[in-house]
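Student: Shown below is the structure under consideration.
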Amino acid sequence: MRRIQLPEPPSPTARRSTPDIFESGVHTFVRRAVVIGNGSAASENQSVGLVRALGLADKHILYRVTRPKGGINKWLQWLPVSLHKKLDLIVRMIRGYSQLMLKSQAKKLMPSENGVSKGLLAVLEADVKQIVSFARETCEKEGPLLVVACGRDTISTASSIKRLASENVFVVQIQHPRLHLNRFDMVITPKHDYYPLTPEAQKQVPRFLRSWITPRDPPDCHVVLTMGALHQIDFTSIRSVAVTWHDEFAHIPRPLLVVNIGGPTRNCRYGVDLAKQLVASLLSVLASCGSVRISFSERTPQKVSNIIVKELGNNPKVYIWDGQGPNLHMGHLAWADAFVVTADSVSMISEACSTGKPVYVLGAERCRWKFTEFHKSLRELGVVRPFTGSEDISESWSYPPLTDTADAAKKVHEALAARGWKLKV
């Protein structure tokens, strides 16, 4: 007779997974996410940062709202995306008709510089109907869909998904959508976006224009306020990155001062004058530094980077990243002893302030409107200090790191629970 082999009894110390049917109770599980991007690295980093903090980093799909490019399109970025695309279609139809009339068949067959160009073929276009169908058809088997969007160009897409599939999705819009916030399940935005409602801001706006300034109402219960921008930096990622970049940074003389340079914006204008101020201040603190590493962003004007490279490029203590090879940004965040960041970039400042290390800001006095409120709030919390050139970089100071992304993720958990839903990580 053949012997029957019985399975070994489970170990009393072994961790046993609980079937969803018992674990969930009255909950419906959210297992996956969709990120709606706009092509901006800073904006998409905020969405991915939130998804990562929620434990869905490996279970999300990236869709991107794209605008037509090339020609006159650079002057039409202020239009709503849908109207911009319709106008571009009309222009291309007129252009195609003209080419036909001129018998310019060669030109007619050239690929156009719009959303269908070669560079955009690899991008997954954010199609509302496709995402809604995906959410509806897979909801019963896979559970509802978390939709996270960030940036002005994503507002219409995200709100349409919420309107058409409200029972199958939970839609989070990062950055203030200005009007009709009830189009989303949750809005996550920095506190300084509500600066227009403050007495200081009201004094700056003529009375007859105040009704045109947004936001017009204070935040309600489904608005989550943060100090800065969301991102992917926390102590866990810093520790992991520190190991990854060990061979690159372990031998560098300390203290290491990392300088992140952005570019002028509408509300924070500067040029070569700030570059010269930065050079002078860095030369003043160089004696207290073991080494200095400088990085530019895509927005840094050439004339600004040229001055910095010319004045500091040959200094043995200074390394200027030329943008070639692997991106050093994460390594800098992990291994820096202190940071200098230009005032224009809320994202770069927010990331640096999440490390708990000294952060010095250059050019905050050049910012205006709501960005003055952002810098004022950080200074009052003791999170940043102005960079004057009189600092001793070897003298460290600390503060409670900003935890905006983790705090926002907690609010998402609470909102899902109130709906009877629960994240399945």
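The values are calculated or read from the model by the stated rules, or taken from the named source; none is laboratory data. None of the values given here were measured: they were computed from a predicted structure. Here the Cβ positions follow ideal geometry from the backbone for every residue, glycine too, while neighbour counts run over all protein chains shown. With ligands, DNA and RNA removed, areas are computed over all heavy atoms of the protein, side chains included. Shrake-Rupley method; radii C 1.70, N 1.55, O 1.52, S 1.80 Å.
Student: Condition first: closer than 30 Å to ARG183 by Cβ and not polar (S, T, N, Q). Now tell me which residues in region 235-267 satisfy that.
Tutor: Taking region 235-267 as the starting set, the residues that turn out to be closer than 30 Å to ARG183 by Cβ are 265-267.
ARG266, the sole residue that qualifies.
Student: Just the residues that are in a helix (DSSP H, G or I), open to solvent by less than 60 Å² (accessible area, probe 1.4 Å) and closer than 11 Å to TYR360 by Cα, please, taken from region 379-416.
Tutor: Within region 379-416, no residue meets the criteria.
Student: For region 158-171, what are the residues that are in a loop (DSSP other than H, G, I, E, B) and of a type in the set (Gly, Ala, Ser)? Reasoning before the result, please.
Tutor: Here is the first cut: in region 158-171, the residues in a loop (DSSP other than H, G, I, E, B) are 165-168.
Listed by number, the residues that qualify are ALA165, SER166.
Matching residues to (1) part of a helix (DSSP H, G or I); (2) open to solvent by 30 Å² or more (accessible area, probe 1.4 Å); (3) at positive phi:
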{"residue": "ALA135", "(1), (2), (3)": "yes, no, no"}
{"residue": "VAL148", "(1), (2), (3)": "no, no, no"}
{"residue": "SER156", "(1), (2), (3)": "yes, yes, no"}
{"residue": "HIS176", "(1), (2), (3)": "no, no, no"}
{"residue": "LEU179", "(1), (2), (3)": "no, yes, no"}
{"residue": "VAL187", "(1), (2), (3)": "no, no, no"}
{"residue": "LEU209", "(1), (2), (3)": "yes, yes, no"}
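Student: Hey, another quick one. Just give me the residues in region 239-266 being farther than 21 Å from SER394 by Cα and surrounded by 15 or more Cβ atoms within 10 Å (Cβ to Cβ), in sequence order.
Tutor: Residues satisfying the conditions are VAL241, TRP245, ILE261, GLY262, GLY263, PRO264, THR265.
Student: Next question, about the same structure. Just one of the numbered conditions (1) closer than 19 Å to VAL224 by Cα; (2) open to solvent by less than 60 Å² (accessible area, probe 1.4 Å) is not true of SER166; which one?
Tutor: (1)
Student: Can you name the residue in region 368-383 that is touching a helix residue (DSSP H, G or I) at 6+ places or on another chain (Cβ under 6 Å) and not β-branched (Val, Ile, Thr) and is also farthest from ALA41 (Cα to Cα) among such residues? Can you show your working first?
Tutor: So in region 368-383, the residues touching a helix residue (DSSP H, G or I) at 6+ places or on another chain (Cβ under 6 Å) come out as 370, 373-375, 383.
Narrowing the set further to residues that are not β-branched (Val, Ile, Thr) leaves 370, 373-375.
Working: LYS370: 22, GLU373: 24, PHE374: 21, HIS375: 22 Å.
Looking at the filtered set, the residue picked out is GLU373.
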